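In what follows, a single structure is set out as structure tokens and then discussed.
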């Protein structure tokens, strides 16, 4: 018994504290022996008598997701749970959500279970043996849960960290986006509607500011190129070329001495061509978005009068 118990504890430690009924059976624990382990406080039941945990094990969120997946056959972590697994920014956290692709719809306490009808779901296997939606399928699944800005920010994050590719997302979308399928409308509009030529390294504050300015005036253009004669081309985060006004959102990468010098040089080169570059910080945008927009709008109004733009 002691040898089997040692093996059981070793299995649980390798699986974030979880023990499956199959583990217990393989170690020849009878139903009565399992009940004794529970009554003695060595194990505690997690789901349906199919998933247990060491009584002193603290199950982190990933272990809670794994427990739900192990408890329901042919299921996988999906939606916001998959987004948290992949570390996708701005998506709500702390909810356990799994999916099944069958008519069977079980119930688990504290777990949201969705039945999906994707013909070929993209499911990957985690290092601990449970399944999770691919990053691009995760984007499709959360499309019903979040607003347009959050979804686009999540997509930018996936692109920036190379969790997905534009071609891969478009290929997935051609299969998944169907009339009447939940999330299809927003996925088509936000994800598939994103121009492929846009840069893929925008931080969330940059994206927030860009979207807010674009909503107020369609003349704002992202990553506008300014050609420096006899030198090179610089790109500003967002610009009004008609009044030669650019906005760069400065984050941590702009805090070094070299970066500050480089930014000043860029701004001077742009100024020689008649451009004015505004540089709010990511903190300004995050904490005082409306004030930043107001400041940019006032400057745009002043330059509109200067350039006599209608």
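Points worth noting:
- Strands (runs of 3 or more DSSP E) (entirely within segment 31-88) containing at least 2 residues that are within 15 Å of residue 131 (Cβ to Cβ) and at pLDDT 90 or above: 75-77
- Selection from segment 5-40 of residues that are farther than 22 Å from residue 69 by Cα and exposed (fewer than 12 other Cβ atoms within 10 Å of the Cβ): 6, 28, 30, 31, 32, 39, 40
- Qualifying residue in segment 155-162 (condition: at pLDDT 85 or above and in contact with a strand residue (DSSP E or B) (Cβ under 7 Å, 6 or more places away or on another chain)): no
- A search for C-beta distances below 6 Å between a residue of segment 96-117 that is not assigned by TED's automatic domain parsing to the domain that holds residue 86 and any residue that is surrounded by 19 or more Cβ atoms within 10 Å (Cβ to Cβ) and modelled with pLDDT under 90, counting only pairs 6+ apart in sequence or on different chains, returns nothing.
- Within segment 51-81, being in contact with a helix residue (DSSP H, G or I) (Cβ under 8 Å, 6 or more places away or on another chain) and surrounded by fewer than 16 Cβ atoms within 10 Å (Cβ to Cβ) holds for one residue alone: 61.
- Residues of segment 207-243 that turn out to be buried (at least 19 other Cβ atoms within 10 Å of the Cβ), touching a helix residue (DSSP H, G or I) at 6+ places or on another chain (Cβ under 9 Å) and under 22 Å from residue 302 (Cα atoms), as a count: 10
- Some residue of segment 138-156 being part of a loop (DSSP other than H, G, I, E, B), closer than 26 Å to residue 66 by Cα and out of contact with any helix residue (DSSP H, G or I) (no Cβ under 8 Å at 6 or more places or on another chain): no
- Pairs are defined by a Cβ separation below 8 Å, a sequence spacing of at least 6 or placement on different chains, a first member in segment 213-230 that is touching a residue at least 60 places away in the same chain (Cβ under 8 Å), and a second member that is outside any loop (DSSP other than H, G, I, E, B) and loosely packed, with under 14 Cβ neighbours inside 10 Å; the pairs so defined are 216/297.
- Scan of segment 174-187 for residues that are assigned to a helix (DSSP H, G or I) and over 25 Å from residue 210 (Cα atoms), ordered by number: 174, 175, 176
The values are calculated or read from the model by the stated rules, or taken from the named source; none is laboratory data. Only a predicted model underlies this, so the values are computations on that prediction, with no experimental measurement involved. All Cβ positions, even for glycine, are placed from backbone atoms using ideal geometry, and neighbour counts span all protein chains on display.
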